[in-house]
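The values are calculated or read from the model by the stated rules, or taken from the named source; none is laboratory data. Keep in mind it's a predicted model, so treat the numbers as computed, not measured. Note that we place each Cβ from the backbone using ideal geometry, even for glycine, and neighbour counts take in every protein chain shown.
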Amino acid sequence: MGTKFDVIVVGAGPAGLTAAQQLASKGFKVLVIERGKKPGSKNVFGGRIYAHVLDRLYPEYVKEAPVERWVRRERITMMTEDSWTTVDFETTKVEHKSFTAYLTNFVEWLDKKAEAAGAVVVSEVPVDSLIIKDGRVVGVRAGNDEVYGDVTIIAEGINRLVLERSGLAPKLSPEIVALGVKEVIKLSKEEINDRFNLDEDEGLAWVAAGFPTHYLPGGASYTLIRRP
Ligand SMILES: Cc1cc2nc3c(=O)[nH]c(=O)nc-3n(C[C@H](O)[C@H](O)[C@H](O)COP(=O)(O)OP(=O)(O)OC[C@H]3O[C@@H](n4cnc5c(N)ncnc54)[C@H](O)[C@@H]3O)c2cc1C
């Protein structure tokens, strides 16, 4: 480090890499700093990506992105312990509105797009703090390293510790965040298709409310992804 960049992005998640790709493709000198072993190693999600924004940002994504299944069926189930009712939506249209994916694979793809556009992405470097001079953020500190940029984009995710440590954001209070717990059940492609009555590569997204959270606000969602 030591060079000056037009833009420093903290965090190589979907937000940071997309910001980097967009800016690098417009000719800005962009550095992305990620604390994980590689982009994608620290990011968590359930499995469904809504695609409308991708149409605009990555027009080629339908052919290129690591899509598992296009979601063509939706279910919403209201449950008690022993009874339930379900609203079932189905379409035969190829809509490309949302798909299932492994976030790790998807973030790796976003990383390739950012680097192909000219962004420099460094991993295994946790940013400790922002360098603030005369009330302006002019760079970031990581260990003994300092790197400078005209603009710093903080894309560190919901645990915004860099922002909090810098006094630029208050500590999150429990009532404005939600806790997500994820369980992965491995089934073969054939088992998924058979159990959920799906065609080849057809996706289903299923949300449930009531009993799964013991009637507390929240819900459960199931996203069917092909076995790796
Ligand atoms: C259980 C669960 C299920 C979810 N399901 C879905 C879903 O199905 N569909 C969906 O669209 N969204 C889902 N989400 C939300 C989704 O995960 C987030 O919206 C998305 O990951 C946010 O992207 P981001 O780039 O802002 O942050 P993140 O993905 O959190 O990325 C932040 C990155 O910054 C890095 N970083 C953090 N601090 C530092 C630092 N100090 N220095 C360097 N790097 C740093 C992290 O390592 C990470 O790579 C789910 C979330 C959870 C928890």
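Applying the set (1) farther than 30 Å from Arg141 by Cα; (2) surrounded by fewer than 19 Cβ atoms within 10 Å (Cβ to Cβ) to Gly47 leaves exactly one unmet item: (2).
The condition (being in a loop (DSSP other than H, G, I, E, B), in the same structural domain as Val7 (by TED's automatic domain parsing) and among the aliphatic types (A, V, I, L, M)) is satisfied by just one residue among Leu130, Leu110, Leu168: Leu168. A Cβ distance below 9 Å, combined with a sequence gap of six or more or placement on separate chains, defines the contacts here; from segment 129-156, residues that are more than 25 Å from Ser41 (Cα to Cα) reach residues that are within 14 Å of the ligand (Cβ to nearest atom) and of a type in the set (S, T, N, Q) in the pairs Ile131/Thr152; Ile132/Ser166; Val137/Thr152; Val137/Ser166; Val138/Thr152.
Considering the conditions (1) modelled with pLDDT of 95 or more; (2) of a type in the set (S, T, N, Q); (3) not assigned by TED's automatic domain parsing to the domain that holds Val32, Ser123 is excluded by exactly one of them, (3).
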